[in-house]
Amino acid sequence: MTNAYLIYCRPGFEKEAASELQHHAARKGWNGFAKGRPDSAHVLFCGEELPQDGPSAPRWTDLVFARQLIFLPDSEPLTLDPQDRITPLVTRLSGQAFRELVLESPDTNDGNGLSGFFKAFGNTLKSVLDKRGILRNKATRTLHLFFLDSANVYIGYSMPDNSAPWPQGILRLKFPREAPSRSTLKLEEAFLTFMDQAERDEWLREGLTAVDLGAAPGGWTWQLVKRGLQVTAIDNGPMDKTLMQSGQVEHLRVDGFHFRPERPVTWLVCDMIESPARVAQTIAAWIADGDAQRAVFNLKLPMKKRFEELERCLELMDDILSRGRVKYRLQVKQLYHDREEVTAFLIRL
Ligand SMILES: C[S@@+](CC[C@H](N)C(=O)[O-])C[C@H]1O[C@@H](n2cnc3c(N)ncnc32)[C@H](O)[C@@H]1O
């Protein structure tokens, strides 16, 4: 039975994550309330007998501000005695089965400071749970112990087809030294988050074309060039010299809001620091007009009412695409490498 949803989020975005959960609650008929302390990097939706599967359940892919989605049988954390943390956990978990165990904490300074404790305690706990048959290869759910500190822990689980496959919901990537800017990691994370391997092989390969709006110095263009695409880079600013030597990039110093390609391209990507509503409308118009088949773009959210602004952008895009009778799939996530922004993935079906 699920009596709360626990989601992990970027510290500072608890208000947005809670508004989003409340918004889904109204649509899907969950009874309860969302709560999250500022800068705690997690939010709860507490209710009773909340749906955990079927159309009324939350979907990790639909929750923009959720790094991870955990189902909690008990909406209160369990308090552990430092002398014996194992016994109450085993008592609580007996009779249940999970495929694996992960120990996690909020993505805050205090939370990340628990990693030493996790190493020692995790090994001991795992071997006890193995012996008791609580960890089993044939089980499907992953057991998450989300420690607020070394004594207070939420006990929950995630479903394999409805969760982030990465610890703490964080996809850590190594910065490639040859890339012209750190922004490169945002596009790499987007490709890994929104597409599976087969889709990446099909849609990111030699012979395909892309336009990069707001490209300078070239971190996003570099990701496309690396995969063999030909890129038109739009920006008044200078592009990285080595990247230009690849011969795969044409750099045009024109306004990203007015440029359109002579021939349709496979990809439109956009990281312009501009009004999110204007960016959203521009991208939707490209897709509606058939100038690009797929888009990855960033919506900057420096304003106070970020969730409301995002909802407005989604409505503006839907207006344009519906008017053009275009079938589309749109997914939006605040990625780990996003700061005051979210990343969207739009494809024409
Ligand atoms: C965050 S940076 C892009 C970084 C780039 N994605 C990378 O990975 O290196 C934003 C860029 O958008 C450009 N920009 C902002 N407004 C623009 C516009 N209307 N047309 C073209 N470029 C624009 C800026 O010149 C700036 O270089």
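Things worth noting here:
- Potential lengthening between I273 and E48 on full extension [0.36 nm per residue; Cα-Cα distance subtracted]: 76.8 nm
- Computed FRET value (nearest 0.05) for A26 with K304, which takes r as the C-beta separation and R₀ as 22 Å: 0.55
- Sorted by Cβ density within 10 Å, fewest first, the residues V296, V254, V265: V254, V265, V296
- In nm, spacing of pseudo-spin labels at K119 and E340 (7 Å Cα→C-beta vector): 3.7
- Antiparallel %, DSSP beta bridges [both residues in the chain], to 5: 60
- Here the simple spin-label model places points 7 Å from the Cα toward Cβ, and for S56 and R325 these points are separated by 3.7 nm.
- Per-selection metrics, the chain (Cα): Rg and Dmax in Å: 22.1, 70
- Backbone amide hydrogens, once placed in the peptide plane, bring L171 within less than 5 Å of Y336, excluding anything fewer than 5 places away on its chain.
- Compared with the direct C-alpha span, the chain from R177 to E250 gains 24.0 nm at full extension, assuming 0.36 nm per residue.
- Note on K131 and E76: with the Förster distance fixed at 22 Å, the Cβ-Cβ geometry gives a FRET efficiency of about 0.20.
- Value at 222 nm in deg cm²/dmol, rounded to 500, when DSSP H runs of n ≥ 4 in the chain each add -39,500 (n - 2.57): -9000 deg cm²/dmol
- Counted residue by residue at 0.36 nm each, then reduced by the alpha carbon distance between them, the extension gain from T140 to H258 reaches 37.5 nm.
- Using the Cβ-Cβ distance between S94 and W166 with R0 = 35 Å, the FRET efficiency computed as 1/(1 + (r/R0)^6) comes to roughly 0.75.
- When peptides 329-336, 238-245, 198-205 are sorted by average Cβ neighbour count within 10 Å, with the highest value leading, the order is 329-336, 238-245, 198-205.
- Dimensions of segment 184-348 from C-alpha coordinates, computed as largest minus smallest value along each principal axis and given longest first, are 43, 32, 32 Å.
Read-outs throughout are calculated quantities, based only on the coordinates presented, and are distinct from any laboratory measurement. The structure presented is a predicted model; accordingly, all values stated were derived computationally and were not measured. Cβ: placed from backbone, ideal geometry, glycine included. Neighbour counts: every protein chain shown.
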